[in-house]
Amino acid sequence: MVTATKTLSENAQIAKAYKELLRLSYQKLSAADKKMIRLALDTAVDAHKNQRRRSGEPYILHPIAVAKIVAEDIGLGAHSIAAALLHDVVEDTSYTIQDLESMHGTVIAKIVDGLTKISSLKKDKNVSLQAENFRKMLLTLNDDARVIIIKIADRLHNMRTMDAMPQEKQIKIASETLYIYAPLAHRVGMYNIKTELEDLGLKYTESEVYHEIQKRIQDNFDSQEEFIDSFVKLTKKYLRKENLKFFVEGRPKSIFSTRKKMMSKNLSFDQIFDRYAIRIIYKSDPDQEKFLAWKIYSIITDHFQPNPMRLRDWISAPKSTGYEALHITVMGPKGRWVEVQIRSERMHEIAEKGYAAHFKYKHGKQDERGLEIWLNRLREVLEQPNPDAVDFVKDFRLNLYASEIFVFTPNGDLKSLPQGATPVDFAFNIHTEIGMHTRGAKINGKIVPLSYRLRSGDQIEIITSEKSFPNPSWLDYVITSRARTRIRSFLREDKKQIAIEGKEVLRRKLRQLKIGFNESTINKLLIFFKLNTSLDLYYRVGIGTIDNVKLKKFSADQSNRFFNFFKRKEPVTKDPSIVDQEKITDNFDQLVFGKAEERLEYKLSPCCSPIAGDEVFGFVTISDGVKIHKNECPNALTLRSNYAYRIVNAKWIDSSQNEFIAKLLLTGLDDLGLVNQVTKVISTTNNINIKSVSFDSNDGVFEGRVMLKVKNTALLKKMIKQLEKINGVDKVIRE
């Protein structure tokens with residue numbers, strides 16, 4: 001009886017969720033659309049009838065929730081809603097793509113097939129499974145963008161319902177989300193979903209940080225509510241006088257973007273001034289949109305002092321995501337900064353929905369903006385995908401979040417490029433052949449280095465020559481996927497040709513040294529020169545970096561090994577796999593690894609310099625053992641996303657025997673005796689010793705760097721708080 005009641009209750013829950021799905025759909029659904037969606041639901045209910053999620057609820061509620069995100073939050077049509085309902089059917093049940101095609105048609109079957117292929121990848125120990133998955137997903141954009149958009153919706157619902165999963169899986173999924181899914185959502189213009197994915201990603205990767213900032217934002221918002229209300233009230237009053245039709249909404253800055261600003265600018269929470277934004281969304285005919293936006297800008301700046309450095313005009317030159325708006329920062333009541341975003345209803349819909357709203361309005365002025373142009377650029381990048389999946393994903397990801405600059409061709413045509421782009425990026429953006437034969441560049445009539453970072457407003461002329469070809473150094477500064485892909489492709493072919501010649505050179509040189517040219521010799525050469533592949537070896541011989549002198553050293557090394565082998569008085573019998581536990585206990589007692597809390601040899605990674613007490617994880621390298629990184633290391637996201645199978649959980653258990661190096665950067669107003677006060681605070685803090693100190697002063701402002709020996713992070717945090725209390729010290733940052 002209990003089971004029957006539970007089934008009835010669950011059926012009612014499923015029926016309610018389905019009705020909500022139809023009611024909240026952004027697109028207007030015809031009777032035929034509803035019939036298509038109902039058929040997809042019936043198939044999904046049947047396919048998943050015996051499945052439950054980890055939380056215990058019926059599995060079917062997941063595809064319905066994904067379909068609801070697709071319908072309401074993203075705003076796609078009936079085919080996409082039906083495909084979302086069916087997205088797990090082929091992967092998790094006995095249904096096949098052929099079954100779906102015969103039941104639901106080619107369009108839906110093709111979308112589901114794309115979603116299934118993303119998830120089904122054979123394991124290969126020689127590749128990064130995550131990076132290969134990401135590459136497969138990105139390649140589906142070439143066929144049908146709806147595949148990846150539904151995949152983003154699927155990831156959003158999984159992130160919303162991840163509490164029942166084990167912690168290591170939460171961290172892995174959240175890292176992938178921050179690494180690729182949130183940037184993708186940003187790139188296709190789904191800003192609401194991007195923000196939620198970022199916040200949820202931070203919640204599971206840095207839980208304490210997330211909850212601390214969440215509490216500070218809420219406390220701050222509650223205390224500032226009166227100020228926000230007064231600003232909104234004044235804004236409405238001024239705009240109503242002009243008989244404008246509009247509505248105003250306020251929102252606090254997201255948790256993730258607050259954290260990002262704190263990290264990138266080295267600010268505390270209290271030092272972030274634009275913690276909330278006001279949106280003015282106005283009604284307008286298409287031909288009046290730009291005029292009204294600037295009229296509202298004029299009204300706001302007549303009554304509130306604007307910050308001239310904080311004007312962002314994305315109406316005259318919209319972002320390549322399709323985003324349009326005016327952003328201004330003004331001084332509100334009580335001397336507080338407020339960001340004001342000015343958008344028409346059409347602009348607001350595109351900002352909220354992205355893809356769907358863009359195509360709803362595509363017959364207007366913007367039919368050549370947004371996703372279509374980006375997908376065309378993407379197809380060019382995917383023509384020659386990088387054989388290394390990790391490099392491919394890194395290159396691709398570089399352009400997902402990048403801010404944009406606007407530059408001009410010699411003829412005055414406006415081009416959009418990612419911030420940080422160089423003349424070489426510009427050349428490849430114009431045409432592959434121009435990029436391949438770039439010799440130099442003129443910016444605003446003056447010759448500049450090819451590594452020059454372009455700025456908005458620059459006019460660029462590329463100087464070409466048939467004798468010029470890509471140089472390996474270009475990869476040090478180009479940032480666009482298209483340029484990197486083309487350059488790498490050329491260099492690979494060039495390297496292969498040189499390697500073919502180098503192989504013959506090596507064969508001759510080894511013959512002169514009376515060394516056989518065989519697989520065993522090649523493996524010994526790779527180990528001696530610390531190279532990964534025979535191609536690397538042949539290439540270095542071909543370009544002369546491995547010459548006669550180095551090969552003679554190799555020959556001598558092999559002779560010494562042979563001599564020492566016979567010189568040994570007794571053979572080594574100790575099994576190298578047996579670990580000296582006593583030695584490890586004495587020397588490596590700070591960290592334990594995995595659920596079993598094993599003690600392993602490790603190295604502290606120099607990229608983030610972890611010390612005892614930091615939240616850390618281990619990464620198993622190919623040739624350098626286990627390396628320890630802080631959870632907030634700049635490389636943590638990349639490692640966890642691309643190499644989750646090489647991540648080892650780690651935690652500190654006892655750091656009393658060792659000292660660690662910590663570096664501090666101090667800034668503030670120079671004052672007599674300040675250095676003495678700083679060194680006094682450090683020297684009087686127990687178990688912290690100064691290794692080096694350097695202070696520079698310029699026009700009353702100082703910058704100091706202190707290198708310390710410290711036993712754990714708790715002592716360091718305590719000392720930093722004391723340093724911050726010194727008169728004149730503005731910031732103390734751990735580098």
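All of the numbers you see were taken from the coordinates with simple rules; none came from a lab. The structure presented is a predicted model; accordingly, all values stated were derived computationally and were not measured. Note: ideal-geometry Cβ built from the backbone for every residue, glycine included; neighbour counts use all protein chains shown.
Treating only the Cα positions of segment 660-734 as identical point scatterers, give the base-10 log of I(q)/I(0) from the Debye formula at each q in 0.11, 0.20, 0.26, 0.28 Å⁻¹. Ignoring solvent entirely, the Cα scatterers give -0.23, -0.78, -1.31, -1.51. Pairs exceeding 26 Å between alpha-carbon atoms, taken from 172/261; 261/718; 19/172; 215/709: 19/172; 215/709. For segment 286-347 versus segment 188-260, the spacing of their alpha-carbon centroids is 17 Å.
Which of rounded, prolate, oblate describes segment 489-567, given a ≥ b ≥ c as roots of the alpha-carbon gyration tensor eigenvalues and a/c under 1.5 marking rounded, otherwise prolate only if a/b is larger than b/c? Can you show the working numbers first?
Working: a/c = 2.53, a/b = 2.05, b/c = 1.23.
Cα axes put segment 489-567 in the prolate bin.
Sorting 314, 294 from the fewest to the most surrounding beta carbons within 10 angstrom yields 294, 314.
If Lys and Arg each add +1 and Asp and Glu each add -1, what is the summed charge of the other residues whose beta carbon sits under 14 Å from the beta carbon of residue 303? Display every interim value, and only then the final one.
Details: positive: 233, 236, 237, 240, 241, 295; negative: 242, 302.
With Lys, Arg at +1 and Asp, Glu at -1, the neighbours total +4.
What number, in nm² with one decimal, is the all-direction average of the projected area of the convex hull of the alpha-carbon atoms of segment 167-263?
On the way: hull surface 31.8 nm².
Here the figure is 8.0 nm², rounded to one decimal.
Sorting 202, 311 from the fewest to the most surrounding beta carbons within 10 angstrom yields 311, 202. Remark on segment 231-318: ratio of C-alpha radius of gyration to 2.2 N^0.38 Å is 1.27.
Just to be sure I understand the curve: with the Debye formula and one point per C-alpha of segment 267-342, what is log10 I(q)/I(0) at q = 0.16, 0.25, 0.26, 0.27 Å⁻¹? Result of the Debye calculation: -0.62, -1.24, -1.30, -1.35. Ordering of 193-200, 710-717, 440-447 by packing is 193-200, 710-717, 440-447, highest average first (other Cβ atoms within 10 Å, averaged per residue). In terms of the mean number of neighbouring beta-carbon atoms within 10 Å, the peptides 219-227, 336-344 order highest first as 336-344, 219-227. In angstrom, the C-alpha Rg and Dmax of segment 694-735 are 11.6, 36.
With R₀ fixed at 25 Å, the C-beta to C-beta distance from residue 331 to residue 403 puts the FRET efficiency at about 0.50.
Can you sort 321, 684 by how many other beta carbons sit within 10 Å, fewest first? Don't jump to the answer; show the numbers that get you there.
Numbers: 321 25, 684 10.
By the 10 Å Cβ count, ascending, the order reads 684, 321.
Close amide H contacts of residue 53 (hydrogens built in the peptide plane, cut-off under 5 Å, sequence separation of 5 or more or a different chain): 59. A full extension of the chain between residue 16 and residue 433 corresponds to an added length of 144.4 nm, given 0.36 nm per residue minus the alpha carbon distance.
My understanding is that a pair violates if its Cα-Cα distance is over 18 Å; which of 530/550; 265/334; 203/651 do that in this structure? Checking Cα-Cα distances, 265/334; 203/651 exceed 18 Å.
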